[in-house]
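Here's the structure, in structure tokens; my notes come after.
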Amino acid sequence: MGEMLHGCLPDTEYFEVTARSGHSYGVWVTTPPGYADSTDPLPLIYVVDGNWTVGLTAPLIVTQADPFLTIGPYIQVSVGYAGEEAAAWEHLRNRDLVPPGEPVSAEMVATVEWARDTGKMTQEQMEAYLAELSDTHADVFLDFLTAELHPQLQQKLRVSESGHGLFGYSYGGLFALYAWLREAAPFTTFGAGSPGVVSTDSQVFGLVGALSEPDEDSAPPRLHVTLNEAEVLGDIPIYRGMARNVLAVMDQLHIKGRSEQVSNAMLHETHVTGLQASFLSYLKACHAR
């Protein structure tokens, strides 16, 4: 782990780490109000897509001091890409956040081709985006978070034994859903904002089908799923399809007897504006003191 450097956000430090996979990551650690004056160990909440999400989610750490809310104290760990790779986060995230073997749907191909044809992507960017989607390794990235990064942070911070969380949005939400289905320790709560279940043949459906009956003697990990009204009711096909697939997943989880573990919320947002609202919804649902 490299030397800690001060970031541009209050109470946030930044460092870079190279995983056993050989990939490099940027990590922002944001501590809550009163952290310096306390000795209490705190849970960590990991947020993926850090290059995009840190600026919108890390400031919400002040909600722990909001007298109108009941959000418990936590330390936020935002994980993104470092150096020159930071500029390529939009397609590198496909490699890390999408489950292995996830099919590339015709809707996704049509969407990125539309982005190219309208000038929102170059041909090179489109090809890089689809290349990452064709060789995805969410399992490797999840192992990095749980078996490499978390033990390092336990040595650096006052970290509690339990209560840790994982939040992601869009493909990050797909990653959080995948990690919940794998019951990935040390996480006990998972926030899946607009999870990118783009294909009707998603690996997620097989993982849901393989779920065992819930264990009545243990406290199973909690999952909080959000969708945005514009995704469900809007006129963009890929988002409507994603929303239908997420609702199908929720139906299967209900059939599997998992309803008590799963909460959900419909937000008055778009796919772009929903990130911050989704994270706050997750905090209120899963991290009340």
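The values are calculated or read from the model by the stated rules, or taken from the named source; none is laboratory data. From a predicted model like this one, the values you see are computed outputs, not experimental measurements. Every residue, glycine among them, receives a Cβ derived from its backbone with ideal geometry; neighbour counts consider all protein chains shown. SASA here: full protein model, heavy atoms, side chains in, ligands and nucleic acids out. Shrake-Rupley method; radii C 1.70, N 1.55, O 1.52, S 1.80 Å.
For region 8-55, report the accessible area per residue in Å² (1.4 Å probe, heavy atoms, rounded to an integer). Kindly include the intermediate steps, with their values, before the conclusion.
Details: 2120 Å² over 48 residues.
Here the residues of region 8-55 average 44 Å² of exposed surface.
Please compute the length gained on full extension between residue 36 and residue 69, using 0.36 nm multiplied by the number of residues separating them and subtracting their Cα-Cα distance. Mind dumping the intermediate values first?
Values: separation 33, 0.36 × 33 = 11.88 nm, distance 2.21 nm.
Between residue 36 and residue 69, full extension yields 9.7 nm more.
The calculated FRET efficiency for the pair residue 16 and residue 182, based on their C-beta separation and a Förster distance of 45 Å, comes to about 0.95. Each of [x] 48, 37, 32; [y] 53, 47, 36; [z] 58, 50, 37 is a candidate for Cα extents along the principal axes in Å; the one calculated from this structure is [y].
Accessible surface for region 68-201, divided over its residues, is 40 Å² per residue with a 1.4 Å probe. Considering only 193, 34, 50, the Gaussian network model of the chain with Cα springs below 10 Å gives its largest mean-square fluctuation to 34. Here the accessible area is traced with a 1.4 Å probe on the protein chains. For the chain, carbon and sulfur cover 53 percent of it.
The stretch between residue 143 and residue 155, if pulled fully straight at 0.36 nm per residue, gains 2.5 nm over its current Cα-Cα span.
With the helix formula -39500 (n - 2.57) applied to DSSP H stretches of n ≥ 4, the chain reaches a computed 222 nm mean residue ellipticity of -11000 deg cm²/dmol. Contact order, relative form, for the chain: 17 percent (alpha carbon pairs under 8 Å, 6 or more residues apart, mean separation divided by residue count).
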